[in-house]
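S.K.: Questions regarding the structure given below will be posed in turn.
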Amino acid sequence: MNLFPTGAPSAFSRRRFMQGLALGGVAAGLGWRGPAIAQSPPRRDVLDGTQFDLEIGAATVNFTGAPRSATVVNGQLPAPLLRWRQGDTVTLRVRNTLRERSSIHWHGIVLPADMDGVPGLSFMGIAPGESYTYRFAVNQAGTYWYHSHSRFQEQIGLYGPIVIEPRGGERHAAERDYVVLLSDWTDADPEHIYATLKRHGDYYNFAKPTALDFLRDASDTGIARALADRRMWNQMRMNPSDLADVSGHVYTYLMNGCAPAANWSGLFARGDKVRLRFVNGSSMSFFDVRIPGLKLRVIAHDGQDVEPVSVDEFRLGTAETCDVIVEPDADRAYAIFAQAMDRSGYACGTLTPRPGLKADVPPLDARVLLSMGDMMGSMEGASMSGMDHGSMSGMDHSAMKGMDHAAMMHAPAAVTHARAEFGPGVDMRVDTPRTNLDDPGVGLRDNGRRVLTYADLHSIAAPISADTQRTVELHLTGHMERYIWSFNGQKFSDAQPLHLRHGERVRIVLVNDTMMTHPIHLHGMWSELEAPDGSFQVRKHTVVVQPAQKISYRVSADALGRWAYHCHLLYHMEAGMFREVVVA
Amino acid sequence: MKARTPVRTRFALACCIVLVAASPDAWAQLHAAIEHEDEPRAEQPEPPPTDTAAGMPAMDHAAMHGQHGQPAPSKADTVQTDRAQTNPAQAHPVASDHVAPLPPQHDMGAMTAAQMVDVMGMDDDASFGLFTLDRFERVKTDDGYATAWNAEGWYGRDFDKLWFKSEGRRSQGTLEDADAQLLWSHAVAPYWDTQLGVRRDFGQGPGRTWAAFGAQGLAPYWFELGVTAYVGPQNRTALRMESSYDTLLTQRWIVQSRFELNAYGKSDPARGIAAGVSDAEFGLRLRYEIRREFAPYVGVEWHRRFGSRTSVFDTGDERAFDTQAVAGLRLWF
C-alpha cells in the first residue's frame with residue numbers, strides 16, 4: 001500500500017492531465033519524437049480480410065506526461081481496426097506475449113460459445129506465450145468492437161473496433177467513413193482504483209453537494225426548500241452527484257487513442273456524407289456526444305440498422321456503438337465533442353475540410369444532480385433500507401427542485417424483490433420503477449437540444465423472437481458504500497447460473513434498484529428491447545438501464561453453451577455484477 | 001391505416017376538445033398529434049402492411065411519439081423519422097437475418113471456485129485493507145502540550161472484517177491514557193456491522209482488559225456512529241459512544257465534527273475513573289485534503305471530565321473542563 005499512489009494529479013497539473021499531450025499515445029512512449037513524426041497521429045492499422053494475426057503485448061504509452069505501461073494489440077492503442085465481410089468465415093490467431101493470462105472477446109458478435117473469449121466460460125484464456133485461434137462465421141454486419149475479458153486489461157488499452165461490411169453493401173451511402181472510438185485512459189493502476197473504491201466508494205467524486213451549495217440554494221430558493229431538497233438524499237445516505245464511480249479525476253478521455261490536446265481529426269469535403277461509427281470502448285464512462293452545428297442522423301445502434309432519426313446529441317453507454325451520418329456543408333472545422341456523463345472531462349476531435357484546423361471546443365455542460373425520479377422511479381413510492389415509510393407521506397412534493405418529469409412514468413409497475421436484496425449488500429430497492437424509454441437520462445433532460453432516447457430507436461429488421469414463453473426478472477442491485485454490485489442481491493460468486501432451455505424464447509425483465517446507470521451485456525444472443533407496451537423496439541447487445549427504470553427484452557436462446565451476462569462497467573463486473581447464463 | 005374518414009376526424013376533434021378542457025398536458029399531446037399528421041406523408045411511399053414476425057402491422061412510429069408515457073416535451077415533436085431519405089424498399093421491417101451460432105466444439109468442464117477466480121481474473125469476494133490515522137495531533141491545553149492519536153484499520157471481505165482501533169494521549173514524556181481494540185466485524189444490515197472482540201487499556205495505572213461488543217455504521221443523514229459495550233474482570237463494565245460528521249465546505253475543505261463519550265459501571269481509582277459518565281469530548285477539525293488520503297488540519301476540542309477524581313495521579317490542578325487547540329494530520333492508505 002502506497003501512501004502517495006500514482007495517478008491522481010495534483011491541482012496544478014490538472015489541466016494537462018485532462019487535456020493530455022498533443023503528442024500522446026504509443027508513438028510518444030516509444031520515443032519517436034522527431035518533428036516529422038510529431039505531426040502524425042499514433043499508428044492505427046486497418047486489418048482486412050479473413051485471416052488475422054494479433055499479438056497481445058505490453059507497450060509504453062504517454063498520454064499525460066507520465067510514461068505508463070499499457071496492454072495493446074500489435075503495439076497499438078486502440079487495437080487495430082478489423083474489417084470483416086458479412087458471410088465470411090474469419091480466422092484470428094491471437095498470441096499472448098504478456099506475463100499473465102489474456103483473452104479477446106468479440107463484443108456483440110454472434111458466434112459459437114468456445115469462440116466468445118471469456119476465460120472460465122468459453123475457454124481457458126490464453127496463457128503467457130501461447131496462442132489461441134478463433135474461427136467463426138460472420139453472419140451479421142455493422143460496427144462492433146473487441147476487448148480483453150481478463151481482469152483490468154481492457155482498462156489499460158486492450159480494445160479495438162470491428163467493422164463488418166454488409167453482404168449487399170451499406171444501406172446508407174457515405175463518402176467518408178470513420179470509426180470514432182471513445183475510451184477512458186488512466187495513469188493509475190486499475191487494481192489500485194478498484195481497491196480504492198472498495199475502501200471509499202465516493203473517492204473519485206469531486207462534485208458532491210457542499211455547504212456552500214446549500215447556502216447558495218438557501219438564498220436563491222429559501223431555506224425550507226433547500227432543506228427539503230436535501231432531506232431525502234441525506235436521510236437515505238444517497239449521493240445525488242454519484243454519476244460515475246471513476247471520474248476525470250483519474251481519467252483522460254480519448255478519441256481514437258488521442259487525448260483532447262492531440263485532437264484526432266477526420267477530413268471531409270464540403271457536401272460529403274460522413275459516416276461516423278461511434279464505439280464506447282471505455283471501462284467506466286458514459287459519453288454524451290454531439291457535433292455543434294451538425295445534425296446527427298442515427299442509422300444504426302449496436303451494429304443493427306435502425307430507422308434513421310436525426311438528433312443533436314446522443315448518450316453512448318459503455319460498450320454501445322452508434323453509427324451516424326453527418327453532412328458538414330460549411331468550409332470550417334467541426335468539433336466532435338464527447339463529454340463524460342458526470343461532466344468531469346471530455347474526449348474531443350475535429351471534422352475538418354483541411355488538415356491542421358481545430359474547431360472551438362464547447363464548454364462542459366453544468367453538472368446536474370440525480371432527480372427524485374432517478375431514485376424512486378414513478379414517484380409513487382420506494383423503499384429504501386432503513387427508511388421510515390411514514391416520513392414519506394409527509395414529504396413536500398412541491399418543494400422538490402430538480403424533479404424531472406421525463407424521469408417519471410405515470411403507470412408504476414409493482415415489483416417484488418428477491419430475498420437476498422434485503423441483506424447487507426444492497427442499499428436501495430425501488431418498488432415502483434418507471435418503464436418509459438423516452439428519457440434521455442440525467443443531465444440531458446430539457447437541455448435545449450434534441451437528444452436521442454431508446455424510444456427513438458426502431459430496428460429495421462423484424463425481431464428474432466416473435467413472442468416469448470416465459471419471463472425472467474432480474475434486479476440490478478448494489479451498495480455504494482461497501483462497493484458491492486450484484487444481480488438480485490447476489491454477487492457472481494454467490495449465484496447459480498441462469499439456465500435457459502435451448503430454443504426457448506425468454507423475456508428478460510431488468511429492474512434497476514440502484515441510482516447508477518448500468519449497461520447490461522448478454523453474450524452470445526441478442527437482447528431485443530421492448531417498448532413499455534411489449535412491442536418490439538430495437539435489437540441490442542448492450543442495454544442501458546437508467547436508475548429506477550424497468551425495461552424488458554426478448555432473448556432467443558438459440559446459442560448453446562455457457563455465456564457471460566454482466567454490467568459492462570468494468571469495476572461493477574469485477575465487484576460481482578455478473579451472472580453465467582447456460583443454454584442447454 | 002392511412003385513410004382517416006371525416007367521421008373519425010370529427011370524433012377525434014370532439015375528444016380533443018374535451019381533453020384540452022380537462023388538462024393542459026392533453027393540449028401538448030394534441031398539438032404533437034396534429035404536427036405528426038401534418039408531416040408530408042404524401043411524398044413517402046406507402047409502406048405495404050407487412051406483417052412482422054411479431055404479428056404487428058408495420059406501424060407508423062412517428063405517430064407513436066408522445067403516446068407512451070410522459071407527454072413528450074415539445075422538442076420531441078421535431079423527431080424526424082426521415083424515411084424519405086432512405087431507400088424505400090428497405091424502409092419497413094425486413095425479415096430477421098439472424099443466424100444462430102454453431103454449438104461449441106469444446107465444452108468447458110466444471111471448475112472449482114478458486115480455479116474460476118484464477119482463470120477469469122475476477123474475484124468479487126477478495127480481501128482488502130484500509131488503515132486510517134483519523135487524528136494524529138499536537139494538543140495545546142492550559143497545562144502544556146500533548147500528543148494524541150486515533151487510528152483504525154480493517155482487513156477482510158465485504159461482510160467480514162478484522163478491525164483494529166486505538167486511541168491515546170501522551171504528554172510530558174509519559175503515556176497518559178491509551179487503548180487498543182481488536183474486533184471481528186460482521187455486516188448485518190446495509191449500513192451496520194456488529195463488532196465483537198477485545199480491548200486493552202494502557203497508560204497510567206494498571207492495565208485493563210475488556211471483552212467488547214458493539215455496533216458501528218452509518219446512520220441516516222451521514223452520521224458515522226459507533227456504540228460499544230465492554231465487560232471486564234471484577235465486574236467492570238464500560239460503554240463508549242462515538243459519532244462523527246463531515247461537512248463539506250468545498251470538495252477539499254472539510255469540517256469534521258466529532259463526539260465521544262465514555263461511561264463506566266464502577267469507579268477505578270487506580271486509573272482515575274469515576275463511576276458513571278467519565279468523560280465527554282466534542283471536537284471540530286477543519287482539514288484540507290491535499291489528496292483524499294492526506295489532510296492536515298487545525299481544530300478545537302472541548303473536553304469535559306465528570307465525577308470526583310480521587311486518583312493518586314490527581315495533582316489537583318487538572319481541570320474538569322478544558323478547551324484545547326489541536327493541529328494535526330489525517331491520513332489513510
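Since every read-out is calculated from the coordinates, none of them should be taken as a lab result. Just so we're clear, the structure is a prediction, and the values are computed from it rather than from any experiment. All Cβ positions, even for glycine, are placed from backbone atoms using ideal geometry, and neighbour counts span all protein chains on display.
S.K.: List the GluC sites (Glu not before Pro) within region A:484-584 that DSSP assigns to loop and that have no more than 16 neighbouring Cβ atoms inside 10 Å.
M.R.: Qualifying residues, ordered by number: A:Glu504.
S.K.: Taking every pair of distinct Cα atoms and averaging 1/r, then inverting, what Kirkwood hydrodynamic radius in Å comes out for region A:141-201?
M.R.: For region A:141-201, inverting the mean 1/r across all distinct Cα pairs yields 14.5 Å.
S.K.: Can you give the direction-averaged projected area of the convex hull of the alpha-carbon atoms in region A:478-584, in nm²?
M.R.: The Cα convex hull of region A:478-584, projected and averaged over all directions, gives 6.3 nm².
S.K.: Continuing with this model, one more query. Simple spin-label model, 7 Å along Cα-to-Cβ: B:Ala110 to B:Ile290 in nm?
M.R.: Those two pseudo-labels are separated by 5.6 nm.
S.K.: Once you have the Kirkwood Rh of region B:144-256 from its Cα pairs, apply Stokes-Einstein at 37 °C and 0.692 mPa s and quote D in µm²/s.
M.R.: Using the Kirkwood radius from Cα pairs, D works out to 210 µm²/s.
S.K.: Please tell me the relative contact order of region B:141-230 in percent, rounded to the nearest whole number, where contacts are Cα pairs under 8 Å and at least six residues apart.
M.R.: The normalised contact order for region B:141-230 reaches 18 percent.
S.K.: When we measure straight from the Cα of B:Lys161, which aspartates and glutamates land under 16 angstrom away, once same-chain ones fewer than 8 places off are left out?
M.R.: The reachable aspartates and glutamates, counting only those whose Cα sits under 16 Å from B:Lys161, are A:Glu481, B:Asp124, B:Asp125, B:Glu152, B:Asp193.
S.K.: Further question on the same structure: Counting each DSSP H run of 4 or more residues in chain A as -39500 (n - 2.57), what helix-only mean residue ellipticity at 222 nm follows after dividing by all residues, to the nearest 500 deg cm²/dmol?
M.R.: It lands at -3000 deg cm²/dmol.
S.K.: Moving on to the next point. As an exercise, identify the trypsin sites (Lys or Arg not before Pro) in region A:107-168 lying in DSSP coil whose Cβ has no more than 15 other Cβ atoms within 10 Å.
M.R.: Sites meeting the loop and neighbour criteria: A:Arg167.
S.K.: Exactly which trypsin sites (Lys or Arg not before Pro) in region A:305-378 are in a DSSP loop and have at most 15 other Cβ atoms within 10 Å?
M.R.: Passing both the DSSP loop test and the Cβ count: A:Arg332, A:Lys358, A:Arg367.
S.K.: If you don't mind, there's one more thing I want to ask. Once you place label points 7 Å from the Cα toward the Cβ at A:Lys358 and B:Phe202, how far apart are they in nm?
M.R.: If labels sit at A:Lys358 and B:Phe202, their model points lie 5.7 nm apart.
S.K.: Further, regarding this structure: Excluding B:Leu261 itself, what net charge comes from residues whose Cβ is under 14 Å from its Cβ, given Lys and Arg +1 and Asp and Glu -1?
M.R.: Here the charged neighbours net out to -2.
S.K.: Determine the shielding of peptide A:449-462 by partner chains: average, over its residues, the number of Cβ atoms on other chains within 10 angstrom of each Cβ.
M.R.: For this peptide, the per-residue mean of nearby foreign Cβ atoms is 5.
S.K.: Ratio of alpha-carbon Rg to the 2.2 N^0.38 Å globular estimate for region A:61-161, to two decimals, please.
M.R.: So the Cα radius of gyration is 1.09 times the expected 2.2 N^0.38 Å.
S.K.: Also: Can you give the net charge of the other residues whose Cβ lies under 12 Å from the Cβ of A:Trp84, counting K and R as +1 and D and E as -1?
M.R.: Within the 12 Å Cβ shell, the charges total 0.
S.K.: Can you give the Rg to Rh ratio for region A:94-146, taking only C-alpha atoms and Rh from Kirkwood?
M.R.: So for region A:94-146, dividing Rg by the Kirkwood Rh gives 0.99.
S.K.: Same structure, new question: Note down the relative contact order for chain A as a percent, whole number, built from C-alpha pairs under 8 angstrom at least six residues apart.
M.R.: Relative contact order comes out at 12 percent.
S.K.: Could you estimate the translational diffusion coefficient of region A:192-266 from the Stokes-Einstein equation, with Rh from the Kirkwood formula over C-alpha pairs, at 37 °C and 0.692 mPa s, in whole µm²/s?
M.R.: For these conditions, the coefficient is 216 µm²/s.
S.K.: With a sphere of radius 10 Å drawn around the Cβ of B:Leu182, what net charge do the other residues whose Cβ falls strictly inside it have (Lys, Arg +1; Asp, Glu -1)?
M.R.: Residues close to B:Leu182 contribute a combined charge of +3.
S.K.: What is the fewest-to-most order of B:Thr174, A:Thr318, A:Thr221, A:Thr514 by other Cβ atoms lying within 10 Å of their Cβ?
M.R.: So the ranking, lowest neighbour count to highest, is B:Thr174, A:Thr221, A:Thr318, A:Thr514.
S.K.: Most exposed first by the Cβ proxy, i.e. fewest other Cβ within 10 Å, how do A:Lys198, B:Lys140 rank?
M.R.: Fewest-to-most Cβ neighbours within 10 Å comes out as B:Lys140, A:Lys198.
S.K.: Now a separate question. Taking Cα pairs under 8 Å and at least six residues apart, what relative contact order does region A:514-580 come out at, in percent?
M.R.: Averaging sequence separation for qualifying contacts and normalising by length gives 37 percent for region A:514-580.
S.K.: If you don't mind, another one. Where q = 0.24, 0.30 Å⁻¹, what log10 of I(q)/I(0) comes from the Debye formula for region A:461-500, counting one point per Cα?
M.R.: Debye output, listed in q order: -0.85, -1.06.
S.K.: Would you mind listing how long chain A runs along its three principal axes, going by Cα atoms, in whole Å with the largest first?
M.R.: 67, 57, 53
S.K.: Of A:Ser371, A:Ser486, B:Ser127, how do they rank once you tally other Cβ atoms within 10 Å and put the fewest first?
M.R.: B:Ser127, A:Ser371, A:Ser486
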